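Everything on this sheet refers to the single structure shown next.
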Amino acid sequence: MQFAAERSAQTNATSKDCANRLNDGGLVQAAKNGHSTAFATLSDQYKEQLFRAAHRITRAREDAEDAVQDSLLRAFVHMGDFEGRSNFGTWLTSITVNSALMILRKKRASPEIAIGCNNDFGIGSLCYEIADHAPSPESCYAQSEKERILRTAIRRLRPNLQVVAQIQLEGRSMRETAEALGISLSAAKGRLFHAKKALRRSLNPRRPA
């Protein structure tokens, strides 16, 4: 009985997913043809899902909202780039995760340290100065070049592999990656395995993956 119930639930979920894909297909095509109303409908349909994905990464409501807004703008501008190789929701999620990670990188790029100081009224308060722990220009260039090459290779991956690689590149754990994407830990590990395999082929074409 339990097996039958699980089988029925899986069938219903599959049928629902197929229906959503069919519905999305018409809206996506209309959006690609420049119909802003169709894109607005898609945005409303996925906005809550995108917010959850962004919030799992930023841990801050305001940053998550900014990430969603930025990702929807990017998606609207680049609708022509969506080739339909993956689910539209997966494509949107990968853009949102990338926007959320960019927000985190910007914050990390300008760390602040608290120091004591006096204000104009002579009362002790906290002031903030930018911490200067910058490495040499040569090492900065070498590191940035490596990251540029890697990020370029990651952007060539399928969206579901791309988003896993992007999160892992930020030093997140596999459990955090799975939670950010709303998938199981084993599924996240499987996607990362295929992402690494594809990246090895891309970065070292003469070596076996």
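The values are calculated or read from the model by the stated rules, or taken from the named source; none is laboratory data. For clarity, every value in this text was computed on a predicted model and none was experimentally measured. FYI the Cβ positions are ideal-geometry reconstructions off the backbone, even for glycines, and counts take in every protein chain you see. SASA here: full protein model, heavy atoms, side chains in, ligands and nucleic acids out. Shrake-Rupley method; radii C 1.70, N 1.55, O 1.52, S 1.80 Å.
Among the residues of region 49-59, write down those that are of a type outside the set (D, E, K, R) and surrounded by fewer than 16 Cβ atoms within 10 Å (Cβ to Cβ).
Going through region 49-59, the residues of a type outside the set (D, E, K, R) turn out to be 49-51, 53-55, 57-58.
Correct list: Gln49 only.
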Report summary line: Filtering region 1-53 for residues that are assigned to a helix (DSSP H, G or I) and modelled with pLDDT of 75 or more leaves a count of 27
Query raised in the report: Taking the condition open to solvent by 50 Å² or more (accessible area, probe 1.4 Å) and touching a Leu at 6+ places or on another chain (Cβ under 9 Å), does Gln29 pass?
Result: no
Query raised in the report: Restricting the search to region 77-108, which residues are without any contact (Cβ under 8 Å) to a residue 40 or more places away in the chain and not acidic (Asp, Glu)?
Result: Val77, His78, Ile95, Met102, Lys106, Lys107, Arg108
Report summary line: In the set Ala165, Ala180, the lone residue that is open to solvent by less than 30 Å² (accessible area, probe 1.4 Å), within 21 Å of Arg52 (Cα to Cα), within 12 Å of the chain's Cα centre (by Cα) and at pLDDT below 85 is Ala180
